[in-house]
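Okay, so here's the structure we're looking at.
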Amino acid sequence: MNGHHLILGELRDFVTGKTLTDTHDERYRQKLARFLVQRQGFAKKELKTRRFIRLNIDGRQEPAVVDLVVEIQGRVAMILKYGPGSLVTRYRPALAASRLLAHYQIPYVVVTNGEDADILDGASGHLLGSGLEAIPHRDEVLKKIAATEFSPIPENRLQGEARILYCFEIEGRCPCDGPLCEI
């Protein structure tokens with residue numbers, strides 16, 4: 001045991017090939033990466049794992065993590081935020097992360113507990129679909145990229161989104177959760 005995480009040994013990351021600590025949460029992340037490649041048509045090279053967003057709130061610098069990022073044609077088109085339990089409670093911080101990661105609005109935001117998923121429209125936050133099978137296929141993402149204007153998000157809005165993400169992901173988190181430990 002490490003904190004409240006059961007350590008099951010080590011595993012090899014499906015996307016990067018790196019050796020990671022094997023936990024139940026990491027097994028779900030690996031399952032999601034395999035699903036994106038094997039079922040939804042993405043190439044491994046289009047997936048980025050554990051992308052950090054550096055938050056600077058009132059002089060405190062803390063990292064927040066996005067579990068999986070789909071980047072196609074030089075654009076971040078979709079993010080997946082994993083967390084056990086309820087999905088709806090993860091909507092707002094996932095939307096904030098989607099605005100902070102690339103400083104433009106990422107079209108698709110997926111919140112998932114590894115067994116279920118909700119797909120949100122990045123711009124409006126509206127629910128587009130539910131279930132892992134509702135995660136957009138690569139072909140659909142390509143169409144969305146072609147129809148999307150990737151306009152920069154104003155700095156004052158980014159500051160507000162950073163505060164939201166900080167409150168949800170940093171304040172009050174367990175020391176063994178998040179990017180401070182091996183996730």
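No value in this document is a laboratory result; all are computed from the given coordinates. Treat the numbers as computed from the prediction; the structure is a model and nothing was measured. Neighbour counts run over all protein chains shown; Cβ positions are idealised from the backbone, glycine included.
Taken over the chain, lysine pairs spaced eight or more positions apart, or on distinct chains, with alpha carbons under 21 Å apart number 19. Any number yet on Rg/Rh for the stretch 1-157, C-alpha, Kirkwood? Rg/Rh: 0.96. All other residues whose Cβ lies under 15 angstrom from that of GLY125 are scored, Lys and Arg at +1 and Asp and Glu at -1, for a net of +2. Counted by Cβ distance under 10 Å from VAL66, the other residues give a net charge of +3, where Lys and Arg count +1 and Asp and Glu count -1.
Any idea what the dipole of the chain comes to, in debye rounded to 20, about its Cα centre with Lys/Arg Cβ at +1 and Asp/Glu Cβ at -1? Walk me through the numbers before you get to the answer.
Values: 25 positive and 24 negative charges, 86 e Å.
Approximately 420 debye in magnitude.
Give me the net charge for the shell around GLN105: Cβ to Cβ below 14 angstrom, other residues only, Lys and Arg +1, Asp and Glu -1. Summing Lys/Arg as +1 and Asp/Glu as -1 gives +1.
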